[in-house]
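Structure record follows, encoded as structure tokens.
The values are calculated or read from the model by the stated rules, or taken from the named source; none is laboratory data. Just so it is clear, the structure is predicted and the values come from calculations on it, not from any experiment. Here Cβ is always computed from backbone atoms with ideal geometry, including for glycine, and neighbour counts include all displayed protein chains.
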Amino acid sequence: MPTILVTNDDGISSPGLLALKRGLEPLGEVLVLAPERNWSATSHAKTMHKPLRITAVTLADGSKAYTCSGSPTDCVAMAMGGALHAKPDMVVSGINTGHNVGIDVTYSGTVACAMEAVILGVPGIAVSSVYPTQARGDLSEIHRLSGEVARDVAQRVFKFGLPSQTLINVNIPGIPPGEVRGVRITRMGGRRYDINEVIERSDPYGRPYYWLGGSHPVDEDDLATDVGAVKHGYISVTPITLDMTNYSFLSHLDEWGFNHRVEEHVPGSAEGPDALEAHGL
């Protein structure tokens, strides 16, 4: 029976975490280790300069879980390093509060947990759904469906496996389950934020502080993409690779002249910072 780690970036008290745990329990032993607070939009942050603590807690259903004082990816690294009683065979992260589609995957702690799992040698799945204020329908039912979808994806990953350096990113639309139109296999789509707003305010002592804000995203309207599929009521399943090389641009970049022949070093030739200039770079 496999061991599955459930974690997230919204913190141990997120209702999506419990829904994901419940959805995956028919597949094997489910361990829950999540951050003790919200770490949304922290991407692949790791704690390297201070010790971490793990604390046993009780979830709303009375089951045992653990919190970590570190980041979402710290939770995965701790579990994979043997901090719990068993090492996971798979990591499933979520259910995130808000979709992780398009460029948002680069900010997401939820997706980063799945990435960390892949880096450490086990399959990783990220599961995301709607913000509560944007849900069109009963959020608990949307979470229930999301947990079921996560279980279905996990079953298939156990059965078929994943290619090297690949994770699965799943997004469930925030609509009543009966209105979901199906599942689409998608690529990452285009999403942009027109405004990167910095809001300045003052504390009681007159010192400035800032909020980072912005507009609602503008999404690509293409059913072949994650943003388009979710927008039109489909569950989106996207394979994401850790290899972010732009292979189509390699040959063009080579034409920029970086690959000059480096002459064999002789005494008195340029070294250090001057070497680039000496070689025409």
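Mind listing just one residue for me: the one in segment 228-249 that is part of a strand (DSSP E or B) and touching a Lys or Arg at 6+ places or on another chain (Cβ under 9 Å) and, of those, surrounded by the fewest Cβ atoms within 10 Å (Cβ to Cβ)?
The extreme case among them is PRO239.
Looking at ARG151, ARG156, ARG191 in this structure, which one is surrounded by 10 or more Cβ atoms within 10 Å (Cβ to Cβ), of a type in the set (D, E, K, R) and touching a strand residue (DSSP E or B) at 6+ places or on another chain (Cβ under 6 Å)?
Among ARG151, ARG156, ARG191, only ARG191 is surrounded by 10 or more Cβ atoms within 10 Å (Cβ to Cβ), of a type in the set (D, E, K, R) and touching a strand residue (DSSP E or B) at 6+ places or on another chain (Cβ under 6 Å).
Quick one: VAL76 ticks every box in (1) touching a Phe, Trp or Tyr at 6+ places or on another chain (Cβ under 7 Å); (2) assigned to a helix (DSSP H, G or I) except a single one, so which number is it?
Here VAL76 meets the rest and fails (1).
Go through segment 89-134 residue by residue and tally those that are charged (D, E, K, R) and surrounded by fewer than 19 Cβ atoms within 10 Å (Cβ to Cβ).
So the answer is 1.
Would you please name the residue that is farthest from LYS21 (Cα to Cα), looking only at residues in segment 49-68 that are of a type in the set (A, V, I, L, M) and under 22 Å from the mean Cα position of the chain (by Cα)? Please lay out each step first, then the result.
Residues of segment 49-68 that are of a type in the set (A, V, I, L, M), as a first pass: 52, 54, 56-57, 59-60, 65.
Narrowing further to those that are under 22 Å from the mean Cα position of the chain (by Cα): 52, 54, 65.
Values: LEU52: 24, ILE54: 19, ALA65: 10 Å.
Result: LEU52.
Condition test on VAL122, is it aliphatic (A, V, I, L, M), in contact with a His (Cβ under 9 Å, 6 or more places away or on another chain) and either free of Cβ contacts under 8 Å to residues at least 60 places away in the same chain or over 24 Å from ARG156 (Cα atoms) (or both)?
no
Could you pull out the residue among ALA56, ALA34, ALA45 that is more than 21 Å from ASN171 (Cα to Cα) and assigned to a strand (DSSP E or B)?
Details: ALA34 fails: more than 21 Å from ASN171 (Cα to Cα); ALA45 fails: assigned to a strand (DSSP E or B).
Going through ALA56, ALA34, ALA45 in turn, just one is more than 21 Å from ASN171 (Cα to Cα) and assigned to a strand (DSSP E or B): ALA56.
Rundown of residues vs (1) outside the structural domain of ALA114 (by TED's automatic domain parsing); (2) surrounded by 21 or more Cβ atoms within 10 Å (Cβ to Cβ); (3) within 14 Å of ASN96 (Cα to Cα), yes/no style:
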{"position": "SER13", "(1), (2), (3)": "no, no, yes"}
{"position": "LEU24", "(1), (2), (3)": "no, yes, no"}
{"position": "GLY28", "(1), (2), (3)": "no, no, no"}
{"position": "LEU33", "(1), (2), (3)": "no, yes, no"}
{"position": "ALA41", "(1), (2), (3)": "no, no, yes"}
{"position": "LYS50", "(1), (2), (3)": "no, no, no"}
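Among the residues that make up segment 49-72, is at least one of them under 21 Å from ALA154 (Cβ atoms), without any contact (Cβ under 8 Å) to a residue 40 or more places away in the chain and not charged (D, E, K, R)?
Scanning segment 49-72, I find at least one residue that is under 21 Å from ALA154 (Cβ atoms), without any contact (Cβ under 8 Å) to a residue 40 or more places away in the chain and not charged (D, E, K, R), so the answer is yes.
For segment 207-221, does any single residue satisfy the condition of being surrounded by fewer than 16 Cβ atoms within 10 Å (Cβ to Cβ) and in contact (Cβ under 8 Å) with a residue 24 or more places away in the chain?
Yes - at least one qualifying residue is present in segment 207-221.
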